[in-house]
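The values are calculated or read from the model by the stated rules, or taken from the named source; none is laboratory data. Treat the numbers as computed from the prediction; the structure is a model and nothing was measured. Positions of Cβ are generated from backbone atoms using ideal geometry, with glycine treated the same way; all protein chains shown enter the neighbour counts.
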Amino acid sequence: MARLLLVLLCSLLPFSILAASPDGIHQFLNSRQVVTQVFFAKQTVDLSASVKQQLNRVANDLATYEKQQMLIRVEGFASSEGNDHYNLNLSLRRAMAVAEYLQQRHKLGVSVFLTGFGERGPAADKLTEMRRVDIAVYKKNPASKAFFDDQGKVERVILR
């Protein structure tokens with residue numbers, strides 16, 4: 001069932017990307033602003049007390065972005081240790097841990113998207129910098145529909 005859904009989503013994706021102009025997609029992706037970065041210990045998804053304090057401090061800003069109809073994206077990353085499948089799963093679980101905390105503690109989440117990049121994504125110099133979650137905001141534009149549904153609630157799947 002999950003494979004069928006993945007195949008269906010992937011088959012629809014090229015049409016939505018083709019419908020968006022390259023300039024619009026470029027503008028959407030370049031609107032990315034990292035609000036905060038949360039760092040994790042090796043092979044863990046646990047939120048430390050200091051991470052929870054950090055999330056509590058940015059929660060009001062995130063609520064403001066949400067009211068401004070900006071897309072809030074919780075982007076998980078992992079270091080290059082381990083295999084690709086494990087790292088992708090770990091990065092997504094990290095993003096989920098942060099999003100769940102924000103949803104449960106601060107009632108945020110109407111437009112929060114989860115993304116796991118594994119060890120890919122914006123480069124970091126040190127392994128410890130790769131073990132993180134970025135909370136980023138994006139400005140909506142017509143091209144953002146290539147990545148998100150009409151309600152801005154579900155990120156579309158992009159395979160690399």
For region 61-113, how many residues meet the condition of being under 29 Å from residue 143 (Cβ atoms), small (Gly, Ala, Ser) and either surrounded by fewer than 21 Cβ atoms within 10 Å (Cβ to Cβ) or in contact with a Cys (Cβ under 9 Å, 6 or more places away or on another chain) (or both)? 3
Candidates 81, 75, filtered to the one that is of a type in the set (Asp, Glu), in contact with a helix residue (DSSP H, G or I) (Cβ under 9 Å, 6 or more places away or on another chain) and in a strand (DSSP E or B): 75
Pairs, please: C-beta under 6 Å, at least 6 apart or cross-chain, first residue within 26 Å of residue 93 (Cβ to Cβ) and in region 24-47, second assigned to a strand (DSSP E or B) and among the hydroxyl-bearing types (Ser, Thr, Tyr)? 32/138
Determine if region 67-88 includes at least one residue that is of a type in the set (D, E, K, R), under 25 Å from residue 130 (Cβ atoms) and at pLDDT 90 or above. no
Checked region 24-46 for anything more than 17 Å from the chain's Cα centre (by Cα) and either at pLDDT 90 or above or part of a loop (DSSP other than H, G, I, E, B) (or both); matches are 41, 42, 43, 44, 46
Scanning region 89-107 residue by residue, those of a type in the set (Ser, Thr, Tyr) and either touching an Asp or Glu at 6+ places or on another chain (Cβ under 7 Å) or at pLDDT below 90 (or both) turn out to be 91
Would you pick out the residues in region 124-141 that are modelled with pLDDT under 80 and either assigned to a helix (DSSP H, G or I) or crowded, with 20+ Cβ neighbours inside 10 Å (or both)? 127, 128, 129
